[in-house]
Amino acid sequence: MNESRTEEEKKKLEALQKAKDFLVKWEKCVLIDRLKSSTQQVTPLHPLLLKGATASLPSMLLAWLSAKEHIFFVAEDEEAAGYLHSDLACFIARDQLAFFPSAFRRGIKYGHSDEAGEVMRTELVAALTHGDTPFIVTYPEALMEKLPEENALSKSLFTISKGSTINLVDFREFLLQNNFAEVDYVYNPGEFAF
């Protein structure tokens, strides 16, 4: 089992390296020269607008840029953001790529929460709180939802490191104070069991 897993990981790393090698060769393209001159003028107040790029070209351009800059990309809609994220996964390591989804399945107006989306949002916000700045792909509907304030979020974080020991009574109290539900079996976010 471990041998097949390591073999699979080796194949993924080789594919990622081939994609990075392709991007290095691709840097000599005329389009990249134009992009280089455009990105030198980009500031938080003057973002870069990319028009007319189709298929996987935006992903390739953004993957090339991500090696040099921190990028927050807002796609037209959820579907476009999903495709872009999928394309970028070919060029950017998974730990450097994040998807910021909506916390709702069919839009906030219907009120059907999406537990997986909530978990992804929470993980990304926690990573940003700790100073990690991955390449983030999102869409307007996901940005419209509120996030907790930074100081409220930091108060509700409980960090556990591998190999550390914790007091279970204090940990249980922390979870209950943060509105977690104690259950026999965990099925959804916001639940815990001992």
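The values are calculated or read from the model by the stated rules, or taken from the named source; none is laboratory data. For clarity, every value in this text was computed on a predicted model and none was experimentally measured. All Cβ positions, even for glycine, are placed from backbone atoms using ideal geometry, and neighbour counts span all protein chains on display. Calculation scope for accessible area: heavy atoms of the full protein, side chains included, ligands and nucleic acids excluded. Shrake-Rupley method; radii C 1.70, N 1.55, O 1.52, S 1.80 Å.
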By residue number, the members of segment 151-192 that are modelled with pLDDT of 85 or more, of a type in the set (Ser, Thr, Tyr) and open to solvent by 90 Å² or more (accessible area, probe 1.4 Å) are Thr165, Tyr185, Tyr187
Those residues that are buried (at least 19 other Cβ atoms within 10 Å of the Cβ) and either part of a loop (DSSP other than H, G, I, E, B) or modelled with pLDDT under 70 (or both), I need them from segment 72-102; list them, please.
-> Phe91, Ile92, Phe100, Pro101, Ser102
Has segment 125-146 got any residue that is over 30 Å from Phe91 (Cα atoms) and open to solvent by 70 Å² or more (accessible area, probe 1.4 Å)?
-> yes
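Here is a yes/no grid of residues against (1) assigned to a helix (DSSP H, G or I); (2) touching a strand residue (DSSP E or B) at 6+ places or on another chain (Cβ under 9 Å):
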| residue | (1), (2) |
| --- | --- |
| Lys146 | no, no |
| Asn151 | yes, no |
| Thr159 | no, no |
| Ser164 | no, no |
| Arg172 | yes, yes |
| Tyr185 | no, yes |
Matching residues, segment 174-183, being touching a strand residue (DSSP E or B) at 6+ places or on another chain (Cβ under 8 Å) and assigned to a helix (DSSP H, G or I) = Leu175, Leu176
